[in-house]
Amino acid sequence: MRARQRTTTTPAEAMAVVGMAFGMFIVISIQAVLANFSSPAFSNASLLWMVIVEIMLAASAITFLYVRGFAISTLLPSPSLKGSVIGVVLFLVAWLVGELVSAPFAVGQPPQPIEAMITEAKVTVPVVVLMAMINGTFEEIFLLGFLLRGLRGYGLSVALGVTLLIRLLCHLYQGPVGPIWVMGVGLTFAVYYMQSTQLWPPVFAHILWDIVPFVYT
């Protein structure tokens, strides 16, 4: 009989999953900073590349956790109409928090690299939507469903701090102000998830977060 599955993790296991799921993106993000934020504009090819890579990385990390006895089914969001409505509200609240948190740092700053990456993007709506669905699910499954929940036994400050740190490192490429905005959004998602333990609303909010800037622009 298979041993009872768990939803907690150890620091070593957490580091392994972070390395598998986010290691590549953290390296790319740091390289962009070292190259003075010279990341090219988004394109269909770059978005599809990210979709393929995230699916492969997710499969590797989930396989690793399954072998380790982690309760994989608890990582999967459960879409619902109610959860989607909450997700829309969460998206709006997170956007507002991100704006408020980053506003003091944006004074006197030139346009951020992420703005050029979006305004100069050569993408189509179906590809953007596909990317948003995969990326939003990928990030929140591993950041909230795995890390935040899995490290809760080490204290809220540790679990939340590690989650926000990984989110920050993955988005350094956006410029000096962008990651601060991302931290505000990530904190909002984390607070909601800690209160509700419902993963779909943050996932849906993240999907909207990835779509709206392209549509708005």
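The values are calculated or read from the model by the stated rules, or taken from the named source; none is laboratory data. Fair warning: this is a prediction, and the values are worked out from it, not measured in the lab. Cβ coordinates were reconstructed from backbone atoms using ideal geometry, including for glycine residues, and neighbour counts include every protein chain displayed.
A few notes on this one:
- Number of the exception - residue 42 against (1) of a type in the set (A, V, I, L, M, F, W, C); (2) over 20 Å from the mean Cα position of the chain (by Cα); (3) within 19 Å of residue 206 (Cβ to Cβ): (2)
- Tally, over the stretch 167-189, of residues that are crowded, with 21+ Cβ neighbours inside 10 Å, more than 18 Å from residue 109 (Cα to Cα) and among the aliphatic types (A, V, I, L, M): 1
- Selection count, the stretch 21-58, where residues are closer than 20 Å to residue 125 by Cβ, among the aliphatic types (A, V, I, L, M) and either surrounded by fewer than 13 Cβ atoms within 10 Å (Cβ to Cβ) or free of Cβ contacts under 8 Å to residues at least 24 places away in the same chain (or both): 2
- Candidates 59, 21: the one that is more than 18 Å from residue 206 (Cα to Cα) and at pLDDT 95 or above is 59.
- Among the residues of the stretch 16-44, those identified as assigned to a helix (DSSP H, G or I), farther than 19 Å from residue 214 by Cβ and of a type in the set (S, T, N, Q) are 29, 31.
- Extreme residue, surrounded by the fewest Cβ atoms within 10 Å (Cβ to Cβ), among residues of the stretch 119-166 that are in contact (Cβ under 8 Å) with a residue 40 or more places away in the chain and small (Gly, Ala, Ser): 153
- Number of the condition not met by residue 69 [criteria: (1) loosely packed, with under 13 Cβ neighbours inside 10 Å; (2) without any contact (Cβ under 8 Å) to a residue 60 or more places away in the chain; (3) not charged (D, E, K, R)]: (2)
- Any hit, the stretch 135-152, residues being modelled with pLDDT under 95 and part of a helix (DSSP H, G or I): yes
- For the stretch 119-134, taking the residues that are part of a helix (DSSP H, G or I) and out of contact with any Leu (no Cβ under 9 Å at 6 or more places or on another chain), the one that is nearest to residue 36 (Cα to Cα) is identified as 119.
- Pair list, Cβ < 6 Å and 6+ apart or interchain, from the stretch 91-110 residues that are more than 15 Å from residue 191 (Cβ to Cβ) to residues that are in a helix (DSSP H, G or I) and of a type in the set (A, V, I, L, M, F, W, C): 102/180; 102/181; 105/180
- Selected residue (criterion: surrounded by the fewest Cβ atoms within 10 Å (Cβ to Cβ)) from residues of the stretch 92-118 that are polar (S, T, N, Q) and not in a helix (DSSP H, G or I): 109
- For the stretch 141-158, taking the residues that are out of contact with any Gly (no Cβ under 8 Å at 6 or more places or on another chain) and of a type in the set (A, V, I, L, M), the one that is farthest from residue 26 (Cα to Cα) is identified as 156.
Quick grid of which residues meet (1) within 20 Å of residue 204 (Cα to Cα); (2) touching a His at 6+ places or on another chain (Cβ under 9 Å):
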site: 9; (1), (2): no, no
site: 13; (1), (2): no, no
site: 51; (1), (2): yes, no
site: 87; (1), (2): yes, yes
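- Pair list, Cβ under 7 Å, 6 or more apart: the stretch 178-204 residue touching a residue at least 12 places away in the same chain (Cβ under 8 Å), other residue surrounded by fewer than 18 Cβ atoms within 10 Å (Cβ to Cβ) and small (Gly, Ala, Ser): 200/78; 200/80; 204/84
- Screening residue 70 against (1) within 18 Å of the chain's Cα centre (by Cα); (2) closer than 16 Å to residue 144 by Cα leaves a single unmet condition, (1).
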